[in-house]
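Where a number appears in this text, it was derived from the coordinates with a stated rule and is not lab data. All values reported here derive from a predicted model rather than from experimental measurement. Positions of Cβ are backbone-derived with ideal geometry, glycine not excepted, and every protein chain shown enters the neighbour counts.
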Amino acid sequence: MGYVGRLILGVILALPISSLADCAPLFKKLSPAQISAAHSAILSDLDQGQIIGASKKRVNGNMHDLWWLTLKNPETGRTRQAIMKPREWGDSGGWARAPMEVVAYALNRALGMDYVPPTVYRRKVQVGNDFIHEAPLIYVVPKAQILYETRPSQWGGISKEAVQSDHRILCVLLHNSDGHAKNLLLGEHWVDGEKRPAFIDFGASLRAGTFVTMRRYPAPGNSEPVSLVRERTLKYLKRLNSKHFETLKGYLSDKEISEILMRRDGIVAYFERLISEKGAEHVVLKE
């Protein structure tokens, strides 16, 4: 596995076993070790995979070119479908900061979540006659649909309130104002192949001038105020600390890490205030 792949895999392996165990109820037939192994295999394939097929296109009104790749791991023979988002000079004014895709994936795992598809960051990628200086490669969620165009009963046992809360927490931590409805998907999950929610497109994270909160989030189709939180998400929010960002310092400044943790403090305080006012039974989701 290449250096970048080892960095991202390090994020997964550094997670407390209890964090992985907390994910286990979502995957009833798999152990925490099997869940971790599924991530490790995909990360390895994305990092090592040789490009055996590629096409360039734009989707959902995206203003930037995306490469749709077929990768083959020369060591294992496995193939994967991935989206590559080439980094552009100036990050399109902060709207397309490509390394944030890796940060969102790692942060989602550190919080005991598994919504953001496995992602690695590669440099010096040759695609036909095109040379890509650097880009995240993101696992393609098979058979993906827009989440809110499906019924919550199809969401793998996760309620709409829980999905909205977890997504909003990630977006507020990363100050991502672009979490509109088309960036929440339902597709075959990378761990067990069951239909589950997936979150994509965190390129606008940490953009200067952004201000979003759990209650103020003006993203089309996904702007409802959030006042509920999953019990395990709140637990891992409280445990989040600077050590979780050690392997991400190539993508984040120390100041940005500090600001993420300050926003974490604000989110925790927000829910603790609601719990004191309404009672935990009206705020904390036991799922």
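Residues whose amide H lies under 5 Å from that of E194, counting only those 5 or more places away or on a different chain, are H189; hydrogens are built 1.01 Å from N in the peptide plane.
The label point for K143 and the one for K286, both projected 7 Å from the Cα toward the Cβ, are 3.3 nm apart.
For V127, the residues whose amide H sits under 5 Å from its own are I132, ignoring neighbours fewer than 5 places away on the same chain, with H placed 1.01 Å from N. Taking a spot 7 Å from the Cα of S159 along the direction of its beta carbon, which residues of segment 210-236 have an amide N less than 16 Å from it? 225-234, by backbone N distance to the label point.
Karplus-based coupling profile of segment 70-85, in residue order and whole Hz: 10, 10, 10, 6, x, 7, 10, x, 6, 10, 9, 9, 9, 9, 10, 10, with θ = phi - 60° in 6.51 cos²θ - 1.76 cosθ + 1.60 and x standing for Gly or Pro. Would any residue of segment 235-263 have its amide N under 18 Å from a label point 7 Å out along Cα→Cβ of R216? List them or say none. Within reach of a label on R216, which here means backbone N under 18 Å from a point 7 Å along Cα→Cβ, segment 235-263 contributes 260, 262-263.
Taking amide H as placed 1.01 Å from N in the peptide plane, Y217 has no amide H partner under 5 Å among residues 5 or more places away or on another chain.
Across the chain, the longest piece that holds none of the trypsin sites (Lys or Arg not before Pro) lying in DSSP loops with up to 15 other C-beta atoms within 10 Å covers 144-214.
About the centre of its Cα atoms, the chain shows a dipole size close to 120 debye [charges on the beta carbon of Lys, Arg (+1) and Asp, Glu (-1) only; nearest 20 debye]. Once a ≥ b ≥ c are taken as the square roots of the eigenvalues of the Cα gyration tensor of segment 43-133, is the result rounded (a/c under 1.5), prolate (a/b larger than b/c) or oblate (a/b not larger than b/c)? Verdict is oblate for segment 43-133.
Each residue, D254 and E188, gets one label point 7 Å from its Cα in the Cβ direction; the gap between the two is 4.7 nm. Put a dot 7 Å past the Cα of K29, heading toward its Cβ, do the same for S223, and the two dots end up 4.3 nm apart.
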